[in-house]
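These notes concern the structure reproduced below.
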Amino acid sequence: MMRKLRGKPRIGLTLGSGGAKGLSHIAFIKVLDEKDIKPAVISGTSIGALIGAFYAGGMSGLQMEDLFDDMGIRRMGSMMDPSIFSNSGLLKGKKVEAFLADNLPCRDFSDLPIPLKVVATDFWNREEVVFSSGDLVTAVCASISVPVVMEPKLVEDRVLTDGGAVRLDLKPDNYRLHWINGTTGKAANIVEVPLAPSFTVTAPSRGTWLAAILKN
C-alpha cells in the first residue's frame, strides 16, 4: 500500500516474504521504473531480500525479469545441492550462494546505489537480525535459508534462518519507520509489498525434533 503522495515521491520500499510468489515483486518494480520512481531505501525479508538486493544494486525490473526467465527449470534443478551428510537441511545452499555471487551487481552493502536492509531470523533467540553492512551474499543467503529446506547460515556464532520466521510482511511499524528514516536522513513515505498473511512463526524449543535437526 502506498500513502498518497504529492509531487515526485520519496519512498522507502519494503518487500515481504512469500516463496515463489516473491517474483511478483519484479512486476511492482517494473511499474516503479515506468514512473521513474526510485526508493531512497529498501528493506526485504526472504525472497523480498533477494529481489531487494538485485534492485538496490542497480538492476531494473526488466533486467531481473530477464535473469529469472533465462534460468528455466533445468538451471533451477542444477542449483539443488543435496546435503547428504548433514541433518540441518535438505540443501547445502552453496550453489544458490554461487548464483548470487555471480549475478548480484554488488557484493558488499557499501557498494549499493540504494541503501538496503536485509532481515534474517536468529533461530535460538527467536528475534530478527537486520543486516545493513558487510557481505551482501551472506546476508541474503541467511534471509532465504528456509528451515529444514536449506542449511542455516552461521554468522558470528548466531544460527540464522529465513527472515520470514519473524516478519512475513515487513509492515512499516514504528521500528521500521525509525531505521528507514534514519537511513534516508528525512521522513520517507513507505511502500509496502506484502505477499503473505500477517502472523509470526514461533521458533521451536531446543527439545523438539526441528531444533535437533538445525543444531546438527
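The values are calculated or read from the model by the stated rules, or taken from the named source; none is laboratory data. Just so we're clear, the structure is a prediction, and the values are computed from it rather than from any experiment. Every residue, glycine among them, receives a Cβ derived from its backbone with ideal geometry; neighbour counts consider all protein chains shown. Heavy atoms of the whole protein, side chains included, go into the accessibility calculation; ligands, DNA and RNA do not. Shrake-Rupley method; radii C 1.70, N 1.55, O 1.52, S 1.80 Å.
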Members of segment 112-128 found to be open to solvent by 20 Å² or more (accessible area, probe 1.4 Å) and in a strand (DSSP E or B), listed by number: LYS117, GLU127, GLU128
Note down all Cβ pairs under 7 Å where the first residue falls in segment 102-117 and is without any contact (Cβ under 8 Å) to a residue 40 or more places away in the chain, the second is hydroxyl-bearing (Ser, Thr, Tyr) and surrounded by fewer than 19 Cβ atoms within 10 Å (Cβ to Cβ), and they're at least six residues apart or on different chains. PHE109/SER132; PHE109/SER133; SER110/SER133
Segment 43-59 residues that are within 18 Å of ALA165 (Cβ to Cβ), paired with ones that are outside any helix (DSSP H, G or I) and basic (Lys, Arg) (beta carbon under 7 Å, 6 or more apart): SER43/LYS117; THR45/ARG167
Subset tally (residues that are of a type in the set (A, V, I, L, M, F, W, C) and within 22 Å of ALA101 (Cβ to Cβ)) for segment 30-53: 6
Among (1) more than 18 Å from GLY22 (Cβ to Cβ); (2) part of a helix (DSSP H, G or I), where does LEU90 come up short? (2)
Could you say whether any residue in segment 74-81 is outside any loop (DSSP other than H, G, I, E, B) and buried (at least 16 other Cβ atoms within 10 Å of the Cβ)? no
Within segment 135-163, can you find the residues that are open to solvent by less than 10 Å² (accessible area, probe 1.4 Å) and either assigned to a strand (DSSP E or B) or at pLDDT below 80 (or both)? LEU160, THR161
Residues that are farther than 23 Å from THR161 by Cα, basic (Lys, Arg) and in contact (Cβ under 8 Å) with a residue 40 or more places away in the chain, drawn from segment 15-42: LYS38
Any residue that is within 22 Å of ASP108 (Cα to Cα), in a helix (DSSP H, G or I) and touching a strand residue (DSSP E or B) at 6+ places or on another chain (Cβ under 9 Å) - is there at least one of those in segment 57-64? no
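Yes/no per residue for (1) at pLDDT below 90; (2) farther than 24 Å from GLU156 by Cβ; (3) among the β-branched types (Val, Ile, Thr); (4) open to solvent by less than 90 Å² (accessible area, probe 1.4 Å):
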{"site": "SER24", "(1), (2), (3), (4)": "yes, yes, no, yes"}
{"site": "ASP36", "(1), (2), (3), (4)": "no, yes, no, no"}
{"site": "SER43", "(1), (2), (3), (4)": "no, no, no, yes"}
{"site": "GLN63", "(1), (2), (3), (4)": "no, yes, no, no"}
{"site": "PHE68", "(1), (2), (3), (4)": "yes, yes, no, yes"}
{"site": "SER110", "(1), (2), (3), (4)": "no, no, no, no"}
